[in-house]
Amino acid sequence: MDEKTFKLDIVAPDRILFKGLVRSFSAPGEIGAFQVLYNHAPLLSTLVTGEMKYTGENGETVFYAVSGGFVEVRDNRVLALVDTAERAEEIDIERARKSQERAIKRMKSRESGIDTVRAKRAFTRATNRLKIAQRVKEGAGVS
Ligand code: ATP
């Protein structure tokens, strides 16, 4: 294998999502999406809700819906500590739809005591999950 690879760890509070060698890694940084390749300069970035993906040593691309966290890049090692992340294939679409509907109701509600910032965040997470799940159905492995 002459492709240049580096080590990637994707860790959530409750589980290790991935540990292995990859050719590239992309994530939604606070100031924009970024890609890491072999010999990338040191980097520390917070993450926002969006699409995260890696291309493994055999060329397969794996997509995740991520909702915050941070990434450290140093000496050809990438550590992604994520708040939550699900592989596109494991996203429960029905759950995400329900969560999205709940968030919409809360955002529209005029009742006092509704935390609209929290509702907006939940809406963003659910919408992102639906988008990533859909990308896989459409055969997103090429982009
Ligand atoms: P919900 O209202 O459905 O719980 P949420 O956005 O509040 O959604 P989070 O707090 O972001 O949920 O996630 C809690 C846990 O549930 C995490 O481990 C996350 O990976 C998982 N999770 C959340 N939504 C989904 C989903 N649609 N499919 C698969 N796993 C999910």
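Read-outs: derived from the displayed coordinates by stated rules, not from any lab. Every value quoted in this text rests on a predicted model; they were computed, and no experiment measured them. Neighbour counts run over all protein chains shown; Cβ positions are idealised from the backbone, glycine included.
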**Asked** Dipole size in debye (nearest 20) for the range 91-137 around its Cα centre, Lys and Arg Cβ +1, Asp and Glu Cβ -1?
**Response** 140
**Principal-axis tilt of helix 116-137 within the chain, Cα atoms, nearest 10 degrees** = 50
**Prompt:** aspartates and glutamates within cross-link reach of K137: Cα-Cα under 19 Å, excluding same-chain residues under 8 positions apart?
**Reply:** E51, E60, E86, E89, E90, D92, E94
**Item:** Loop GluC sites (Glu not before Pro), the range 62-143 (other Cβ atoms within 10 Å of the site Cβ: 14 or fewer; DSSP)
**Value:** E111, E138
**Complete:** Low-density loop trypsin sites (Lys or Arg not before Pro), the range 1-76, at most 13 other Cβ within 10 Å, DSSP non-H/G/I/E/B, are K4
**Lys/Arg +1, Asp/Glu -1 at C-beta; the range 6-87 dipole; positive extreme among G59, L43, F70** = G59
**Message:** If the only charges are +1 at each Lys and Arg Cβ and -1 at each Asp and Glu Cβ, what is the size of the charge dipole of the range 1-68 around the Cα centre, to the nearest 20 debye?
**Reply:** 80
**Message:** Roughly how far apart, in whole Å, are the Cα centres of the range 20-56 and the range 77-126?
**Reply:** 22
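Please get the size of the charge dipole for the chain, origin at its Cα centre, with Cβ charges of +1 on Lys and Arg and -1 on Asp and Glu, quoted in debye to the nearest 20.
I would put it at about 740 debye.
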